[in-house]
Amino acid sequence: MSTFPATRLRRLRQADWSRRLVQENVLTVNDLIWAVVVSDTADPTEPVAAMPGVERLGLKALADAARRAEQLGIPAMAIFPHIDPAKKDADGSEALNPEGLVPQAIKTIKDAAPNVGVICDVALDPFTTHGHDGVMKDGIILNDETVNRLTRQALIQAQAGCDVIAPSDMMDGRIGAIREALEMEGFTDTMILSYAAKYASGFYGPYREAIGSGAVLQGDKKTYQMDPANTEEALREVAMDLEEGADMVMVKPGLPYLDIVRRISETFGVPTFAFQVSGEYAMIQAAAANGWIDGDRVMMESLMAFKRAGAAGIITYFAPKAAEILT
Ligand code: PBG
């Protein structure tokens, strides 16, 4: 047991060089996945009121963003679509349009910046009139019918050149169904990043405005997303998704769920990502805009917290801002 005064922990903290020397965790640009909102109505961009600093990008602006990501060394971008409300229907059919916004966005990024990885959300909520992630019948979200559609959605994304399929819907069995379809269609190298532990969270609020599903969402998502009170269930979700063929897993939201990130990364030893979601972003930006906190400092501290918890990387709207500080 080290005791005072033989041990004075402050000795190592006294200078910048010694603090750097004994630093336990590092955050680099390689840890960042840039969450971008792409829109078929934005020309070139539209602001998202609840997320100051985030804009919906038209395809030209997306190409510019992709080039910026490549220059900054950001490894990958995650695409979230905002589609013209006129294209929405109850089944989210537009999700299955091979010429739709997401396939176009994938090609746009690949053309502009071939070395930037492309990650696509698999879920129906940007495309449905009721704002749910699946097919709804008599107020119930149907699991197997939804999995069917998600599998087709994932194949369309893979065909368009998506590198990483990221199902964010929380239906049971979707990872297995998608993996099987990818194998059968020859997409043996397409990765799956499963939103394995995704909670029914109030922190997604601003995202609903970003993708235009807020005004329409009927009810809540508690029959498919997890109860914020649960941990053991998160481990079961992850175990099943890995068994079904996920290459990487994600915890969402991020900062309020760092205990889950730690448990999962330690238990499974697989690449575990965390999503610093829209509400987490908005809270930091709002407090910074009021002069209540130092925004850049809190941003970097929050990103380091993910690394400390064992995350392999972070999906964040802050990616370009953080990358500029890191490079
Ligand atoms: C939809 C989806 C959501 C987010 C990513 N994919 C919202 C939800 O599940 O209700 C949230 C992202 C964010 O808040 O930044 N499947």
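Figures for the structure shown
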read-out	value
Gyration tensor over alpha-carbon atoms, the range 1-41, equivalent ellipsoid semi-axes in Å	43, 11, 8
Additional length obtainable on full extension of the chain from Asp16 to Glu180, 0.36 nm per residue less Cα span	53.9 nm
Average accessible area per residue (Å²) across the chain - probe 1.4 Å, nucleic acids and ligands excluded	45 Å²
Cα gyration tensor shape for the chain, rounded if a/c is under 1.5, else prolate or oblate	prolate
Förster-model FRET efficiency, 35 Å R0, Thr223 and Thr188, C-beta, rounded to 0.05	0.55
Charge dipole (debye, nearest 20) of the chain; +1 at Cβ of Lys and Arg, -1 at Cβ of Asp and Glu	1500 debye
Cut-off 15 Å between beta-carbons: net charge of the residues surrounding Thr41, Lys and Arg +1, Asp and Glu -1	-3
Contact order normalised by residue count of the range 1-113, Cα under 8 Å, 6+ apart, percent	27 percent
Pairwise Cα inverse-distance average, inverted: Kirkwood Rh of the range 261-327 (Å)	12.6 Å
Cα Rg, Dmax (largest Cα-Cα span) when computed across the range 209-305, Å	15.9, 47
Alpha-carbon gyration tensor eigenvalues x 5, square-rooted, for the range 55-194, Å	25, 18, 11
Ranking by accessible area, most exposed first, for Asp16, Asp43, Asp163 with a 1.4 Å probe	Asp43, Asp16, Asp163
Net +/- balance of residues flanking Leu255 in space, Cβ distance below 13 Å, scoring K and R +1, D and E -1	+1
Computed label-point distance, nm, for sites Glu266 and Lys60 using a 7 Å Cα→Cβ extension	5.2 nm
Spatial separation of Cα centroids for the range 122-192 and the range 244-298, in angstrom	23 Å
The range 1-102: C-alpha gyration tensor shape, a/c 1.5 cut-off, then a/b vs b/c	prolate
Tilt relative to the chain, helix 143-159 - C-alpha long axis, 0 to 90 degrees, to 10	80 degrees
For the range 193-200, 3J(HN,Hα) per residue [Karplus equation, 6.51 cos²θ - 1.76 cosθ + 1.60, θ = phi - 60°, Hz, x = Gly/Pro]	10, 7, 6, 7, 10, 10, 9, 6
Ser39 long-range amide H proximity, modeled H, under 5 Å	Leu57, Gly58, His82
The chain: angle of helix 278-289 to the longest principal axis, Cα-based, in degrees nearest 10	50 degrees
Between helix 295-308 and the chain: long-axis angle, C-alpha atoms, 0 to 90°, nearest 10	90 degrees
Fraction of accessible area attributable to carbon and sulfur, the chain (%, probe 1.4 Å)	52 percent
Extension gain from Val216 to Arg8, taking 0.36 nm per residue of separation minus the Cα-Cα distance	69.1 nm
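The values are calculated or read from the model by the stated rules, or taken from the named source; none is laboratory data. Note that the structure is predicted; figures quoted are calculated from it, not measured. Glycine also receives a Cβ, built like all others from the backbone with ideal geometry; neighbour counts cover every protein chain displayed. The accessibility values were calculated without ligands, DNA or RNA, using every heavy atom of the protein model including side chains. Shrake-Rupley method; radii C 1.70, N 1.55, O 1.52, S 1.80 Å.
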